[in-house]
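Trainee: Below you'll find the structure I mean.
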Amino acid sequence: SGYVIPVDYDDNFYVVSRYPYANCYFCGGGGPESVADLRFKSTHRQYKTDERLTFKGKLKLNSDDIYQMNYILVDAAEYLP
């Protein structure tokens, strides 16, 4: 769960952040441990900045590629209870 941040709409690159956009890893004081890359398993709607949502998927830890996030949620999908 967290705040959705669309990093690049054209490349379908979204992250979920513990903090809203103004305080997140990219713009504020949040660290890299506060965001997770969302790798969607299927098509999805276009999310807006700072929507507070929950996602489910398989957590992948990244310790080798500095051009990727530390946490990656593979096959991500919006969780609808």
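The values are calculated or read from the model by the stated rules, or taken from the named source; none is laboratory data. Because the structure is predicted, anything quoted here is derived from the model rather than measured. Counting neighbours? That spans all protein chains shown, and the Cβs are built from the backbone with ideal geometry, glycine included. We work out accessible area using only protein heavy atoms, side chains counted, and drop any ligands, DNA or RNA first. Shrake-Rupley method; radii C 1.70, N 1.55, O 1.52, S 1.80 Å.
Trainee: Return the residue satisfying two criteria in turn: it lies in the stretch 68-80 and is over 19 Å from Gly31 (Cβ atoms) and either of a type in the set (Val, Ile, Thr) or without any contact (Cβ under 8 Å) to a residue 12 or more places away in the chain (or both), and of such residues it is least open to solvent (accessible area, probe 1.4 Å).
Mentor: Val74
Trainee: Right, next: Being part of a loop (DSSP other than H, G, I, E, B), open to solvent by 40 Å² or more (accessible area, probe 1.4 Å) and without any contact (Cβ under 8 Å) to a residue 12 or more places away in the chain is the filter here; which residues of the stretch 46-67 pass it?
Mentor: Ser63, Asp64, Asp65, Ile66, Tyr67
Trainee: Now, a different point. Under 9 Å between Cβ atoms, at least 6 apart or on separate chains: pull out the pairs that start in the stretch 14-36 with a residue that is of a type in the set (Asp, Glu) and open to solvent by 10 Å² or more (accessible area, probe 1.4 Å) and end on any residue that is modelled with pLDDT of 80 or more and outside any helix (DSSP H, G or I).
Mentor: Glu33/Arg18; Glu33/Asn70; Glu33/Tyr71
Trainee: Give the stretch 32-45 a look and list any residue that's outside any loop (DSSP other than H, G, I, E, B) and either at positive phi or more than 11 Å from the chain's Cα centre (by Cα) (or both), or say none.
Mentor: Pro32, Glu33
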